[in-house]
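*Asks:* Take a look at the following structure, please.
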Amino acid sequence: MNIIFDIGNVLVRWDPVNIVRSVINAPGAVRVAELLFAHPDWHEIDRGALTIPEIIKRAVERTDIDEDIVAAIYHAVPASLTPIDESITLLKQLKQAGHGIYALSNMGHDNAAYLAKHAPFWDEFEGRVISAEVKLIKPDPAIYRYLLNENGLTNSECVFIDDSLANVQTAEQLGIRSIHFCSASQASMALKQFVTWQE
């Protein structure tokens with residue numbers, strides 16, 4: 001079986017509010033996180049259509065946040081993507097058991113480059129599709145098909161793990177068995193109906 005992992009909030013932590021608080025530890029962090037990370041511009045970073053300097057400029061123009069703060073927040077993102085140890089252990093157990101390990105993630109170029117250099121699990125994947133590199137983002141069905149086609153995978157021989165219900169639902173519509181990730185232990189239990197491995 002082939003196991004396809006999302007990365008953010010599955011293999012690494014993704015917490016916009018904490019990212020903001022690491023720069024400005026003050027009331028209003030939730031609002032700032034929404035302004036900077038819930039805006040469509042952030043999805044365009046994931047799509048590879050905007051750069052960090054461009055999104056900083058646009059955020060300063062549309063909000064009341066100082067440029068140096070906006071820049072510091074966006075530049076703090078890569079280092080905030082710390083591994084979730086339990087998930088990495090699960091990934092390595094699955095690989096050791098002979099299952100194919102793949103990644104399908106919405107992620108901008110800068111974050112992917114940081115993880116490629118620092119993440120202990122990055123080289124475990126037999127194939128990776130990063131949204132910014134292919135100019136597609138989940139839940140667009142095209143990015144799932146791209147992963148399958150590029151790696152010669154059959155949908156019925158894959159299990160997809162993602163923390164986004166919308167992304168999981170699209171995968172299931174394409175015939176890919178899926179798990180809505182809440183925790184490593186929950187995902188591990190759910191996986192047992194599809195695959196076997198030694199814990």
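*Asks:* Of the residues that make up the range 97-109, is at least one in contact (Cβ under 8 Å) with a residue 40 or more places away in the chain, in the same structural domain as S185 (by TED's automatic domain parsing), surrounded by fewer than 18 Cβ atoms within 10 Å (Cβ to Cβ) and within 13 Å of the chain's Cα centre (by Cα)?
*Replies:* Yes, the conditions are met somewhere in the range 97-109.
*Asks:* If I go through the range 26-49 residue by residue, how many of them are assigned to a helix (DSSP H, G or I) and either surrounded by 15 or more Cβ atoms within 10 Å (Cβ to Cβ) or touching a residue at least 60 places away in the same chain (Cβ under 8 Å) (or both)?
*Replies:* Total meeting the criteria: 13.
*Asks:* Check W197 against each of (1) surrounded by 14 or more Cβ atoms within 10 Å (Cβ to Cβ); (2) assigned by TED's automatic domain parsing to the domain that holds S105; (3) in contact (Cβ under 8 Å) with a residue 24 or more places away in the chain; (4) under 21 Å from P83 (Cβ atoms) and name the one condition it does not meet.
*Replies:* So W197 meets the others, but not (2).
*Asks:* Of the numbered conditions (1) over 20 Å from L136 (Cβ atoms); (2) at pLDDT 95 or above; (3) in contact with a Leu (Cβ under 7 Å, 6 or more places away or on another chain), T63 satisfies every one except a single condition; which is it?
*Replies:* Tallying (1) over 20 Å from L136 (Cβ atoms); (2) at pLDDT 95 or above; (3) in contact with a Leu (Cβ under 7 Å, 6 or more places away or on another chain), T63 fails exactly one: (2).
*Asks:* Still on this structure, I have one more. Could you list, in sequence order, the residues of the range 50-104 that are β-branched (V, I, T), assigned to a helix (DSSP H, G or I) and over 22 Å from N18 (Cα atoms)?
*Replies:* T89
*Asks:* Looking at V23, V10, which is the one that is in a loop (DSSP other than H, G, I, E, B), surrounded by 15 or more Cβ atoms within 10 Å (Cβ to Cβ) and either charged (D, E, K, R) or within 18 Å of the chain's Cα centre (by Cα) (or both)?
*Replies:* After ruling out the rest, the residue left standing is V10.
*Asks:* In the range 147-174, what count of residues is obtained for those that are part of a loop (DSSP other than H, G, I, E, B) and over 21 Å from the mean Cα position of the chain (by Cα)?
*Replies:* Of the residues in the range 147-174, 2 are part of a loop (DSSP other than H, G, I, E, B) and over 21 Å from the mean Cα position of the chain (by Cα).
Residue by residue, here is whether (1) crowded, with 22+ Cβ neighbours inside 10 Å; (2) modelled with pLDDT of 95 or more; (3) touching a helix residue (DSSP H, G or I) at 6+ places or on another chain (Cβ under 7 Å) holds:
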| position | (1), (2), (3) |
| --- | --- |
| N111 | yes, yes, yes |
| G127 | no, yes, yes |
| V134 | no, yes, yes |
| P139 | no, yes, yes |
| N149 | no, yes, no |
| T154 | no, yes, no |
| A171 | yes, yes, yes |
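The values are calculated or read from the model by the stated rules, or taken from the named source; none is laboratory data. These figures come from a predicted structure and were not determined experimentally. Heads up, the Cβs are rebuilt from the backbone with ideal geometry, glycines too, and the neighbour counts pull from every protein chain shown.
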